[in-house]
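The values are calculated or read from the model by the stated rules, or taken from the named source; none is laboratory data. Small disclaimer: the values here were computed from a predicted structure and weren't measured. Here the Cβ positions follow ideal geometry from the backbone for every residue, glycine too, while neighbour counts run over all protein chains shown.
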Amino acid sequence: MRLPKGGLIDRDQVVRFSFDGRHYEGLAGDTLASALLANGVRLMGRSFKYHRPRGVLTAGSEEPNALVTVGQGGRQAPNLRATMLELHEGLVARSQNAWPSLEWDLLALNDAFAPFLSAGFYYKTFMWPRSFWEKLYEPIIRRAAGLGALSGAHDSDTYEKAHVHCDLLVIGGGPAGLMAALVAARAGADVILADEDTRVGGRLNAEREDVDGKPGHAWASEVEAELAAMENVRVMTRTTVTGAYDQGSYGALERLPADVAARAGAPRECFWRIVARRAVMAAGALERPVAFAGNDRPGVMMAGAVRAYINRWAVAPGRRVAVFGNNDGAHRTAADLVAAGVHVAALVDSRPDARNDLDVPFFAGAQVCGSSGRKALEAVEIEVAPGRREKIQADCLAMSGGWNPSVHLACHMGARPEWSEEIAGFVPRDGMVPGMSAAGACAGAMSTHACLRDGAKAAQDALGELGLKAAKLPDVPDAGDAPYRIRPLWQVPGRGRAWLDFQNDVTVKDVTLAARENFRSVEHMKRYTTQGMAPDQGKNSNVGALAVLADATGRSIPETGTTTFRPPYVPVPIAAMGAGAQGQGFAPRRLTTSHAASLAMGAPMIEVGLWYRPSFFPRAGETTWRQSCDREVAHVREAVGIADVSTLGKIDIQGADAARFLDFVYTNTFSTLKVGRVRYGVMLREDGHVMDDGTTARLGEDHFVMTTTTAAAGQVMRHLEFVHQCLCPDWDVSMISVTEQWAQFAVAGPKSRDLLNGVLDMPVDGEGFPFMGCGAVTLAGVAARLFRISFSGEHAYEIAVPARYGASLFRLLVARAEEMGGGAYGMEALNVLRLEKGLLTHAELHGRTTAFDLGMERMISANKDCIGKAAAARPGLTEPDRERLVGLKPVGAVKQLTAGAHLFDEADAATRENDQGYVTSVGFSPTLGHYVGLGFLKRGSDRYGDVIRMVDHLRGVEALCEVTPPAFFDPDGGRARD
Amino acid sequence: MRISCPICGERDRREFYYQGAAVALDRPAPDAAAQAWDDYLHNRDNPAGPVREMWHHEAGCGAWLVVTRDTVTHEMLASDLASRVQEAGS
Amino acid sequence: MIELTAKSPFDGMLPLTVGALSLSEVDTGAMTALSARKGQGEALASAFKQAHGVAWPRAGRATGREGCRALWFGHVHVLLMGPPAAPALAEWAALVDQSDAWAVARLEGAGVRDVLARLTPLDLREGQFKRGRTARSEVAHMPASITRIGAQSYQVMVFRAMAGTLVEEVQTAMQGVAARAGG
């Protein structure tokens, strides 16, 4: 029911929305919760386990009951708190966890079975038969329990993530936070003020209280305006700081207003990573319920929330409101109700010595011990004196068990808060999060003036630590400074279920049962009862449950322990944390200069690291990739093929000690390499296993260019830098990646020289460019590098031009090759060509193979040290029984080989203990007319000619293979040298 | 998590590559005993408290660093260039 | 006679304008990475100044101006952008041509720092990253160089092969920023 006046709402701006298919009107400034209350809707959700009808309990992000789903399909967002959902035109919200409807929920039957559904019910009941769990019990339980659901569609909303840096982060924009931000900002610090509400002010927006002689919310607005006008301040409303992390890092979730989020390109939410030199946590406090029988009935609300609905949203949560508390807040609530013209049915104060100066029915030393009503509260039962009960009609009960300081963020790095007897709550200790201090209610300051003082002081301290000084001692405005008087009251004894955790349906009885069954540790109790494990993470229930557990185990609260608070403070959509990483945004795409031409030729792309490379180039009439691949292999073997090899890592290495450096990182010797020549090298990790291989060309006496495999380029660069900076920093070596500078193409096949001589400004011959020669050439006046190297076993070259000419040169080379009966070849053909020659890729250099395994032990020079040499010589890495590289070719009825298959002796069962090795790469060789494979086989190099059984358990393929040397084609390499 | 680079200042952890214990700086002589190589390559303490580690400012300036941090408090205690540490003969 | 045609890294993908923000390609001329030979740092710095008229930049700094700019480019490297490096510098430095290795763009306009905040973890606050400052960092997970060249203007460089991803990522960030600004 909307009150006739007051509230921080715009009465001229009507906002239409719907809830569960019914249409309503609210006002600008409403939340969904306040608008529903204004429309008299009190049933907003069903509980998790018992499907009990529930109404809104709070007015903030801790709301456990009023969870709704908005949006459809890919935009469906479940479990949104109606208390945080800004009302906007056209909002469509639905209730959750109810079927067929919120009003008539069939699973409310669970509630009738509640005596059987106590803590540990699932653990005890669904123990056997074991096989029933996965197929029967779990699916049923999952369907029955739970909150909102995702649609299953791809999330089509836009999310953002961003970084921001500041001197001082102020977490929370209530009186303490505003004061802290103001003091720091005036002193010139870069300040971020983050608050999860739509406006700053915190409780000032919800109370009838003056600050500096004006209404608290007006003072807050003035401070906000001053802050917003300062260049060194960023006020971030709708932004919840969700976590505190190392070195002053904080996570924060910003929800954009619906009208902004609806604009093209605008995100729905932004996940901020805030780096702050200092932080002031001014997160306020959360009011806690009292556990009495039936305290979950719609209409039972927190007293502070009732004040917020009245004062901020001008909504009366009921016509006849009862108030129940153990602190002065109850009286404040009753006063606000009276001032708003709402009938106060009773003011119940559990403190026997409480006094009342309001004209309302007053019960001191009394407790609310029960409630009644069908789907909403109709009456409360009051134990006015021991054994004497009175029933009072009320459709709303405002309850207050006191306030829990919001210490959550302070605990995120593992520290524990301490118990304050004075306020009967946990408060932060100093230094729980390095660089962060606490101020205001979250630190136990319970009056507005105390919060203002605390905020100013926290800012001053932070300024001192930042080396900035506040101009003068800040004036703290006048504000209420009444003491906070509380007498702890956690539970009201009596029959019936008294709720602690509304969101996860945990009652006092569940916790005492846990204690009886010896789950006395708070961590055990939580896991046994599931208390505190729902989306609200126990914000409303942790301290209450702890107090009940303490009582049940005869210990004090501090003896019983504290709960652990972990990030995030509020649920954060994974979509926001991973913003931009959907689809192609998952990783940067690295495209070669020939990419567009390859696509134009119809080549499917495969990813190699971040690079995209063409698999094959289909031609008219080819219906399978194999047809294209076989043709491309034949082009290279018989004419000339062109492949883009720009993705291989290229590292320019210069310096007086460059040759010495290469000798150190490669197993073989490069200092003896002549200028204008190229050598194949193998590089080990220090543990003796092969890291990478490739060719290195000597361009000058002190100048080399190293080639790495595509996959290992980054790793090799890092390794070389490590070796230089950490092991030989005094050597004159300098290196830099030139991978991106050059577009490099393989020109391979018997007609490769003819092709090149048609495009080079000066023709080359076997004398100027012998096998493994290199040098500078020009084409069309463009300076290029030519290397006579081969990864196919054919007479071949690689030509490198500055990348700007790559696209142009690729088209030219492919056109020329096609004229000569060849063409472009892709990764599939490249793989077959190298397999026919027994050349290696990272399928073989997979990190667990040694030079010995690869048959390259003689490449480890005896005359010098190198990285990995000592370890490679260890007995275990050279024992004859190791799996060593072999070639495999099918010789039985099955002609197919598969990579990943394992090898067994013919007579043995194909079981793990008989394993003899495995297959790493396979391909069909059109040149040889059969499959060829590479693999590792125990004592492999001694077993050439043997027949071995290949078994692929996964694909169900089994074949007999002959063990051969790795090189199948042209084993003595004559073709490349021609 | 943020790491101080002696060249670039304090930077986000994502710019860095983590390698492992700073024992990597103390490469044994080629002919050192097997135990020395074993210790260099494989044997690591797992202390609760300060540790010296190798980090590479890979997406930043490219320098290799020796970073000292506390595994209990996560405090960053010191950071230096690996080349400087090595040339100083530590 | 054959002919080779040159393509720029962004090859028609730029300029890109969203509201007040724009991303445009910069033709920097030649780019050469220089690193001093062992013990030649000071000699190189003065020879460099003499040859090109701009100071050898300290860590995190850029010297010179459009047309001849020297960027600190890593723990041992400086990138000369504009004229080809004087060959005589090879006496003190390793010179490596990088003219084709990087895609260079200028990102500018009101809100430019908000765009960069969505792309890089760098602290680009006014007081922390003034004109003439440069950094190596990440932009949308890509290795990058970022240089402040004006009040609302930054030079952003990524690997040439990643030019397309840079355009996509900057566009998304720009749209987000422009939409908040009311666009």
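Annotations for the structure displayed:
- Residues of region A:746-770 that are closer than 16 Å to residue A:697 by Cα and either in a helix (DSSP H, G or I) or within 14 Å of chain C (Cβ to nearest Cβ) (or both): none at all.
- Residue A:722 being free of Cβ contacts under 8 Å to residues at least 60 places away in the same chain, in contact with a Lys or Arg (Cβ under 8 Å, 6 or more places away or on another chain) and either over 21 Å from residue A:701 (Cα atoms) or more than 9 Å from every other protein chain (Cβ to nearest Cβ) (or both): no
- Of all the criteria given as (1) within 30 Å of residue B:38 (Cβ to Cβ); (2) in contact (Cβ under 8 Å) with a residue 40 or more places away in the chain, the one not satisfied by residue A:927 is (1).
- All told, residue A:807 falls short of being touching a strand residue (DSSP E or B) at 6+ places or on another chain (Cβ under 6 Å), within 14 Å of chain C (Cβ to nearest Cβ) and at pLDDT 95 or above.
- Residue match in region A:657-672 (condition: aromatic (Phe, Trp, Tyr) and in a strand (DSSP E or B)): yes
- On inspection, residue A:531 fails the criterion of being of a type outside the set (Val, Ile, Thr), at pLDDT below 90, buried (at least 16 other Cβ atoms within 10 Å of the Cβ) and within 18 Å of residue A:404 (Cα to Cα).
- Scanning region C:25-37 turns up no residue that is over 18 Å from the mean Cα position of the chain (by Cα) and surrounded by fewer than 20 Cβ atoms within 10 Å (Cβ to Cβ).
- Conditions (1) at pLDDT 95 or above; (2) more than 41 Å from the chain's Cα centre (by Cα); (3) of a type in the set (D, E, K, R); number of the one not met by residue A:874: (1)
- Lone unmet requirement of (1) within 14 Å of chain C (Cβ to nearest Cβ); (2) within 22 Å of residue A:434 (Cβ to Cβ) for residue B:58: (2)
- Some residue of region C:71-87 being outside any loop (DSSP other than H, G, I, E, B) and more than 29 Å from residue A:730 (Cβ to Cβ): yes
- Matching strands (runs of 3 or more DSSP E) fully within region A:831-949 where at least 2 residues are within 22 Å of residue A:682 (Cα to Cα): A:883-890, A:917-925, A:930-938
Yes/no per residue for (1) outside any strand (DSSP E or B); (2) farther than 22 Å from residue A:852 by Cβ:
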position	(1), (2)
A:686	yes, no
A:690	no, no
A:697	no, yes
A:706	no, yes
A:711	yes, yes
A:714	yes, yes
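- Only a single item in (1) of a type outside the set (A, V, I, L, M, F, W, C); (2) farther than 20 Å from residue A:727 by Cβ; (3) touching a Ser or Thr at 6+ places or on another chain (Cβ under 8 Å); (4) within 12 Å of chain C (Cβ to nearest Cβ) is not met by residue B:49, and it is number (4).
- Selection count where residues are charged (D, E, K, R), farther than 20 Å from residue B:8 by Cβ and away from every other protein chain (no Cβ under 11 Å), scope region C:32-80: 4
- Among the residues of region C:1-32, those that are among the aliphatic types (A, V, I, L, M) and modelled with pLDDT of 95 or more comprise C:4, C:6, C:13, C:14, C:16, C:18, C:21, C:23, C:26, C:30, C:31.
- Total residues in region A:763-787 satisfying the condition of being touching a Phe, Trp or Tyr at 6+ places or on another chain (Cβ under 6 Å) and over 24 Å from residue A:973 (Cβ atoms): the figure is 1.
- Taking the listed residues C:125, C:131, C:106, C:136, the one that is assigned to a strand (DSSP E or B) and either surrounded by fewer than 23 Cβ atoms within 10 Å (Cβ to Cβ) or at pLDDT below 95 (or both) is C:106, with no other qualifying.
- Residues of region A:784-804 that are surrounded by fewer than 23 Cβ atoms within 10 Å (Cβ to Cβ) and at the interface with chain C (Cβ under 9 Å from one of its Cβ atoms): A:802, A:804.
- Subset of region C:106-143 (residues that are away from chain B (no Cβ under 11 Å) and out of contact with any strand residue (DSSP E or B) (no Cβ under 9 Å at 6 or more places or on another chain)): C:126, C:127
- Here residue C:152 passes the criteria (1) within 11 Å of another protein chain (Cβ to nearest Cβ); (2) polar (S, T, N, Q); (3) over 13 Å from the mean Cα position of the chain (by Cα) except the one numbered (1).
- Annotation: of all residues in region B:1-27 being part of a loop (DSSP other than H, G, I, E, B) and either within 14 Å of chain C (Cβ to nearest Cβ) or surrounded by fewer than 16 Cβ atoms within 10 Å (Cβ to Cβ) (or both), the one that is modelled with the lowest pLDDT is B:1.
- Per-region count, region A:922-939, residues closer than 26 Å to residue A:635 by Cβ and out of contact with any helix residue (DSSP H, G or I) (no Cβ under 6 Å at 6 or more places or on another chain): 8
Conditions tested, residue by residue: (1) at negative phi; (2) crowded, with 21+ Cβ neighbours inside 10 Å.
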{"position": "A:365", "(1), (2)": "no, no"}
{"position": "A:371", "(1), (2)": "yes, yes"}
{"position": "A:380", "(1), (2)": "yes, yes"}
{"position": "A:383", "(1), (2)": "yes, yes"}
{"position": "A:415", "(1), (2)": "yes, no"}
{"position": "A:434", "(1), (2)": "yes, no"}
{"position": "A:439", "(1), (2)": "yes, yes"}
{"position": "A:449", "(1), (2)": "yes, no"}
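- Residue C:76 meets all of the listed conditions (1) out of contact with any strand residue (DSSP E or B) (no Cβ under 7 Å at 6 or more places or on another chain); (2) farther than 25 Å from residue C:169 by Cα but one, namely (1).
- Scanning region C:69-81 for residues that are within 12 Å of the chain's Cα centre (by Cα) and not basic (Lys, Arg), we see that the one that is nearest to residue A:721 (Cα to Cα) is C:73.
- Scanning region A:722-742 for any residue that is under 23 Å from residue A:827 (Cβ atoms), in a strand (DSSP E or B) and at pLDDT 95 or above turns up at least one such residue.
- Beta carbons closer than 7 Å, at least 6 apart along the sequence or on distinct chains, pair a first residue in region A:671-685 that is touching a residue at least 24 places away in the same chain (Cβ under 8 Å) with a second that is surrounded by fewer than 19 Cβ atoms within 10 Å (Cβ to Cβ) and assigned to a strand (DSSP E or B) for A:675/A:700; A:676/A:775.
- Hits in region A:267-279 - residues which are within 21 Å of the chain's Cα centre (by Cα) and either of a type outside the set (A, V, I, L, M, F, W, C) or at pLDDT below 95 (or both): A:267, A:268, A:269, A:273
- Taken as a whole, the condition of being touching a helix residue (DSSP H, G or I) at 6+ places or on another chain (Cβ under 9 Å), at pLDDT 95 or above, surrounded by fewer than 24 Cβ atoms within 10 Å (Cβ to Cβ) and at positive phi applies to residue A:314.
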